[in-house]
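Take a look at the structure below.
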Amino acid sequence: MDEAIRQLALRVVTQIATRVRREQRQHFPQLGRQVGIGADGTPTTYIDKVAEDVALRILRKSRTPVNLCSEEAGVVDMDGEYTFVLDPVDGTRNAYRGIPFFSVSLAVGRSRISDCEFGVVKNIPTGDVFLAEKGKGAFLNSVPIRVCDVPSHDMVASIMLGRSATAHAALIALQQNHRSLGAASLEMCLVASGALDFYLVGQARMRVVDIAAATVIVREAGGLVKTVAGDELDMALSLAERTSVVAACSESLVRELLRGAKA
């Protein structure tokens, strides 16, 4: 991947994070105000729109053509070889409720997650940056990271519960120390860094913008990202598909988690 593409991706992430922090300081009461409907059919909040507009402005002014696949705008063809797969604010509800766990997530690929070459997830409240480039490993604030060598005897997991939970996921949650943190990209990155043993979304809920960057990061950290059917997770770089997710530190743990699950 060309260095100009890499630097452009980092610039987009940095400037979105800066703008979101400023909006939090200056306009916090209106962050969650609905301002439209996104390309994925879900409500667009003020903070989502502001953050995505930062990316669109940068890409339209850039001399390096790059396409965009983003939560609100959908797929924007700018005649580029690569596509930026962007969730400008992952964990929107956390952001507008004042819960300090939300991110900007960006992957760089051509047509599918499997050909994504670069991923970056920035924890906006803390400034921590998870980053990976295919074949070069995964990093947290420039320090190499790896998934847990083996699942801990006292496992800690993040499992999507609530209205999106399956009976199987709820059963696993009863058996584990679990959290449900509300920002898929960051939760998957915690698997990559060894802070969590696994992350599970039992229903087909996740879009490519939610997970593309974190998938690159988990895999480069030595982990696995699959569906509840046990298949390697892969999706086109569009908003048409949704998927379940199992991100884990080992193949044996994935098999254990999927025992009894329905696809």
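Whole-Hz Karplus values for the range 88-97 come out as x, 9, 8, x, 4, 4, 4, 4, 7, 8 Hz, taken residue by residue from phi with 6.51 cos²θ - 1.76 cosθ + 1.60 and θ = phi - 60°; glycine and proline positions read x.
Placing dummy labels 7 Å off each Cα toward the beta-carbon, the span from R112 to M1 is 1.8 nm.
Measuring between alpha carbons in the structure, the pairs from K61/K134; K61/K136; K134/K226; K136/K226; K61/K122 lying more than 25 angstrom apart are K61/K134; K61/K136.
Look at H168, H153 and count the other Cβ atoms within 10 Å of each Cβ; fewest to most, that gives H153, H168.
The coefficient of translational diffusion for the range 156-258, derived via Stokes-Einstein from the alpha carbon Kirkwood radius under 4 °C and 1.567 mPa s, stands at 98 µm²/s. When the square roots of the Cα gyration tensor eigenvalues are ordered a ≥ b ≥ c, the ratio a/c for the range 3-145 is 1.5 or more and a/b does not exceed b/c, which makes its shape oblate. For the chain, the Cys residues with no second cysteine's beta carbon closer than 4.7 Å are C69, C116, C189. What is the percent of Cα-Cα separations in the chain that go past 23 Å? Result for the distance tail: 47 percent.
Footprinting exposure proxy ranking of L86, L233, fewest other C-beta atoms within 10 angstrom first, gives L233, L86. For trypsin sites (Lys or Arg not before Pro), the sites in the range 224-262 that DSSP calls loop and that have at most 15 other Cβ atoms within 10 Å are R242, R259, K262.
Here the relative contact order of the chain, from alpha carbon pairs under 8 Å that lie six or more residues apart, stands at 17 percent. Couplings 3J(HN,Hα) for the range 34-45, derived from phi with the Karplus relation 6.51 cos²θ - 1.76 cosθ + 1.60 (θ = phi - 60°), are 6, 10, x, 10, x, 5, 8, x, 9, x, 9, 8 Hz, where x marks Gly and Pro. Its residue count N fixes a reference of 2.2 N^0.38 Å for the range 20-85, and the Cα radius of gyration divided by that reference is 1.21.
For the chain, the Cβ-based charge dipole about the Cα centre amounts to some 720 debye (Lys, Arg positive; Asp, Glu negative; other atoms uncharged). Put in order of Cβ neighbour count within 10 Å, fewest first, the listed residues V143, V12 become V143, V12.
Applying the criteria of a DSSP loop state and at most 12 other Cβ atoms within 10 Å to the GluC sites (Glu not before Pro) of the range 4-110 yields E81. With Cα atoms defining each centre, the range 216-263 and the range 1-78 are spaced 27 Å apart in the structure.
Pairs of Cα atoms nearer than 8 Å and 6+ residues apart set the relative contact order; for the range 3-145 it is 17 percent.
A short reminder: the numbers here are calculations on the coordinates, not readings from a lab. The shown structure was predicted, so the numbers you read here are calculated from the model rather than taken from an experiment. Heads up, the Cβs are rebuilt from the backbone with ideal geometry, glycines too, and the neighbour counts pull from every protein chain shown.
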